[in-house]
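Single-structure report; data block below.
Read-outs: derived from the displayed coordinates by stated rules, not from any lab. As the structure is a prediction and not an experimental result, all values here were calculated from the model. Virtual Cβ from ideal backbone geometry, glycine too; neighbours counted across all protein chains shown.
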Amino acid sequence: MNNIEKELIEVCRHFNIGGEFHSYKIFTDGHINTTYLAEFVERGKFRKFLVQGINVHVFKNPKELMENIVGVTDYLRGKISASGGNPKRETLTFLQADNGKYYFYHLGKCWRIYHFIDHSYTINKIEQPIIFERAGKSFGLFQKHLDGYPMDTLHETIKDFHNTPKRIEALEKSVELDTAGRASFVREEIDFVLSRKNDAEIIINLHKEGLIPLRVTHNDTKLNNILFDEKTGDSICVIDLDTIMPGFSLYDFGDSIRFGANTTREDDDNLENVNVSLELFEAFTRGFLSACAKDLTEAEVRHLAFSAKLMTFECGVRFLTDYLDGDVYFKTAYQEHNLVRARNQFKLVSEIENNLTAMNEIVDRIYKEYI
Ligand code: ADP
Ligand code: GN1
Ligand code: MG
């Protein structure tokens, strides 16, 4: 038995998981947490659990983090049941540890456990537009379902998470400190950011003018944060609920486009491959608006295409900042990984700028179909 197996078994015992340990598998999709599938056999039956090490460097207050998640998943369970769905497959179900909490510290690490949703898979690269349309519908419905959730009970799990101006300030500070001695190599990328500083405040200012409301949003709407059904290919469950906070609908829309409508993966170092697929943009927009067009304000609709640019820009700023800080936030697989990601995102920003008129036309056309 290796050390990971020993650790997983001990953690599982603290969450009252019985039976005999059978096997585990690691998931490498995410950039933040450490995620395992652990399989046990109890009275001849296989039972699967998602055992996840919470990244406490990123999520500094696991108590508040889990209060948000348990509150929201309880609420979603009610909504899903009421509409005739299956809450066991359509939202996450977390287990309580023997300390009565939904997280548990073991040998200095913080763990949580939830039910593994079997016969499901995640996608990192869209092959057929219809899949992205389904993702759009899921994130649109996620927002709609949480419409009545008491927003003021939510904790801010990461301060100023999508505050783009603050993200730029953080970058400027990292350039100044130059902790990893990398700033002189990335002057071009830093200038790229500084030349687009004015874009950063547009959505926040629209909110201040009362044109864009705060909503309960997911805030990390990467395609691989949706589970798809192995049998039907439908999108069944929105996962990775750590950043559910009050936010703007445009954050969720834009971040989905950033990741899913890129013609290549976010860490492709061949920038010629990076572009925005208008076909995929249209598919996601259709799915999203089919679920929530009637709820959006005019300003929100008018900024959907822009939000894709803003969220891509912000993510690039964050990758670049982490590169300058010496790779302390995102998991990286090699030395220049964060820089490759940042360059990829900035190339995508330029391509979205080139395509913005066409993207706005697509939004206009589809919006009219759903109102
Ligand atoms: P991170 O915050 O690191 O992105 P996630 O919560 O997104 O972590 O989980 C990482 C991966 O684990 C997901 O992309 C998915 O492949 C898998 N996964 C997470 N939760 C479940 C679940 N309940 N059932 C099946 N697979 C899951
Ligand atoms: C992280 O956890 P994951 O891999 O789904 C990050 C997102 C970034 C994304 C970039 C909590 O998402 O904000 O957009 O990487 N999550 C957090 O791929 O910082
Ligand atoms: Mg994830």
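Quick notes on this structure:
- 22 Å tail of the calculated P(r), segment 52-198, as % of Cα pairs: 62 percent
- Whole-number D in µm²/s for segment 223-371 (Stokes-Einstein; Kirkwood sum over Cα pairs; 10 °C, 1.306 mPa s): 98 µm²/s
- Net dipole in debye of the chain [+1 Lys, Arg Cβ; -1 Asp, Glu Cβ; about Cα centre; nearest 20]: 980 debye
- Nearest-20 debye value, segment 2-117 charge dipole, Cβ charges on Lys, Arg, Asp, Glu: 200 debye
- Charge dipole of the chain about the Cα centre (unit charges at C-beta), most positive-ward option of Thr221, Leu8, Asn344: Leu8
- Taking amide hydrogens as placed 1.01 Å from N in the peptide plane, the amide H of Ala97 sits under 5 Å from those of Tyr102, Tyr103, each at least 5 positions away in sequence or on another chain.
- 39 Å tail of the calculated P(r), the chain, as % of Cα pairs: 15 percent
- Kirkwood hydrodynamic radius computed over segment 3-118 comes to 14.9 Å, based on all pairs of distinct alpha carbons.
- Computed about the Cα centre, the dipole magnitude for segment 234-328 is approximately 460 debye when only Lys and Arg (+1) and Asp and Glu (-1) carry charge, each at its Cβ.
- Helical runs (DSSP H, four residues minimum) scored at -39500 (n - 2.57) apiece and divided by the length of the chain put the mean residue ellipticity at 222 nm at -15000 deg cm²/dmol.
- Of the trypsin sites (Lys or Arg not before Pro) in segment 1-105, those whose Cβ has at most 16 other Cβ within 10 Å and which sit in DSSP loop: Arg43, Lys60, Lys101
- Panel order for Tyr114, Tyr121, Tyr149, by other beta carbons found within 10 Å of each beta carbon, from fewest to most: Tyr121, Tyr149, Tyr114.
- Kirkwood hydrodynamic radius (C-alpha pairs) into Stokes-Einstein, segment 301-369, 37 °C and 0.692 mPa s, D in µm²/s: 249 µm²/s
- Among the listed pairs Lys25/Lys231; Lys208/Lys294; Lys109/Lys331; Lys231/Lys309, those with a Cα-Cα distance over 25 Å are Lys231/Lys309.
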